[in-house]
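As structure tokens, the structure follows; a few thoughts come after it.
Just so it is clear, none of the values below were taken in a lab; they were calculated from the coordinates. On a predicted model such as this, the values are computed, not experimentally measured, just so you know. When we count neighbours, we look across all protein chains shown, and the Cβ atoms used for this are built from the backbone with ideal geometry, even at glycine.
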Amino acid sequence: MQNILKDKLVLVVDDMSAPRMLVSTSLTHYGVRVLEAADAKEALRIVERERIDAFIIDIHMPGMGGIELCRSIRAMGPYATTPVMFITTMDQSEALQWALDAGGDDFIHKPVQAVVLRARLRNLLEKNAYLTQVEMMSRSLQRYVSPRTEEMARAFAATGELPPPRRQDVCVLFSDVRGFTELSQEVEPEVLLQSLSDHLAAQVNLVQVHGGYIDKFAGDGLMAVFDGEQRVLKCCLCALDIVDASIQQVEHLKIRQLGIGIHAGPVITGNLGSSSRLDYTLIGKTVNLAARLCSMAQRMSIVVSQAVRDAVPPDPRLAFRNERDATVRGFKEPIAVFDLCRGAPSGEAKG
């Protein structure tokens with residue numbers, strides 16, 4: 001019990017001094033730091049300057065009662081889930097309903113019994129610590145896996161069954177740093193890692209801004225996926241912004257230049273791996289061709305397939321130039337490809 005209670009800051013709010021003293025005495029012996037307030041206004045002033053770990057509030061107080069105080073506390077962002085325990089002389093069923101409706105977590109009756117108080121408070125703090133850990137794990141999951149992988153993981157946690165593979169149409173973007181191997185020989189590893197991290201972070205932000213998501217990082221590059229309406233247009237605009245951002249970063253990052261490849265078409269989305277280690281990703285010719293086009297792209301250029309060119313309606317922001325047939329490893333027939341460029345500004349001739 002001492003482990004969870006020790007050094008927690010608890011605010012006791014009651015207009016009567018005797019109950020406050022009893023609660024304070026019952027908790028301080030176990031390492032709890034206790035603050036006291038004689039009314040709701042004083043409690044709110046304390047909340048503004050302290051970070052409270054739990055609240056113990058009397059329901060009936062002059063002026064603002066405990067119910068209204070609880071609602072005010074819950075409206076504050078940092079205290080949306082902080083444990084709130086009511087103390088009351090009311091009938092149990094009525095008190096329970098009021099406490100739950102106000103956002104309270106538990107209640108105990110007066111006169112307060114020290115053993116009951118400590119046990120209830122311990123349970124609430126343990127529950128809140130667990131929920132906080134779950135929230136942190138959820139945020140970490142969002143940072144380390146793609147949104148689709150997170151959705152699959154949550155679905156599996158809810159049903160115990162892996163979703164079956166599904167076919168869908170997407171637009172896939174691969175980016176890759178040119179000359180990275182040579183650069184790794186010239187720059188200290190710590191500096192290179194930080195530069196690469198900053199470089200990829202800018203790409204991730206742009207992918208998210210344009211409505212895509214990161215499927216995976218691959219060494220010094222990444223694979224981004226765009227689905228839904230206007231996926232090809234969004235992907236093309238994103239690629240152009242990535243190149244522009246990369247040009248701007250050359251001045252202060254060690255990463256110099258990159259190439260991008262884009263292809264659109266059907267893929268199979270599903271789980272790869274074993275029961276102990278799975279990867280929820282996309283496979284198929286569309287992914288393979290996008291990766292191959294990326295490897296063909298010259299420094300600071302974007303190579304796209306005929307499928308991408310055909311899927312985009314006329315748009316002044318885009319220009320497809322240098323049409324050619326390319327021999328792509330793994331594909332029997334030559335592939336028609338284009339260089340994607342910014343469209344000519346309004347009023348200028350378009351070549």
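Couple of notes before you dig in:
- Most to least packed among 161-170, 8-17 [average Cβ atoms within 10 Å]: 8-17, 161-170
- Considering every alpha-carbon pair of the range 2-144, the percent of pairs per 10 Å bin, from zero through the bin containing the longest distance, is 12, 44, 34, 8, 2, 0.
- Note that the range 266-272 has calculated 3J(HN,Hα) couplings of x, 9, 10, 9, x, 8, 10 Hz, one per residue in order, obtained from phi through the Karplus relation 6.51 cos²θ - 1.76 cosθ + 1.60 (θ = phi - 60°); glycine and proline are x.
- Using the average count of surrounding beta-carbon atoms within 10 Å as a protection proxy, the listed peptides 194-204, 110-120 rank, highest first, as 194-204, 110-120.
- Distant-in-sequence amide contacts of ALA326, defined by a placed amide H-H separation under 5 Å and a gap of 5 or more residues or a different chain, comprise ILE335, ALA336, VAL337.
- For the range 65-76, putting each phi into the Karplus relation 6.51 cos²θ - 1.76 cosθ + 1.60 with θ = phi - 60° gives couplings of x, x, 5, 5, 4, 4, 4, 5, 5, 5, 6, 8 Hz, in residue order, rounded to whole numbers and with x for Gly and Pro.
- Karplus-derived 3J(HN,Hα) values for the range 220-226, using 6.51 cos²θ - 1.76 cosθ + 1.60 with θ = phi - 60°, are 9, x, 8, 10, 10, 10, 10 Hz; glycine and proline are entered as x.
- Computed extension gain for ASP198 through ALA114, at 0.36 nm per residue and net of the alpha carbon distance, reaches 24.8 nm.
- Set against the 2.2 N^0.38 Å expectation for a compact globular protein, the range 203-247 has a Cα radius of gyration ratio of 1.08.
- Distant-in-sequence amide contacts of MET61, defined by a placed amide H-H separation under 5 Å and a gap of 5 or more residues or a different chain, comprise GLY66.
- The length gained by stretching the chain between ILE283 and ALA129 to full extension, at 0.36 nm per residue less their Cα-Cα distance, is 51.5 nm.
- Near LEU318, the amide H atoms lying under 5 Å from its own belong to GLY343; only residues 5 or more places off or on other chains count, and H is placed 1.01 Å from N.
- Ranked by the mean number of other Cβ atoms within 10 Å of their residues, highest first, the peptides 324-330, 242-248 come out as 242-248, 324-330.
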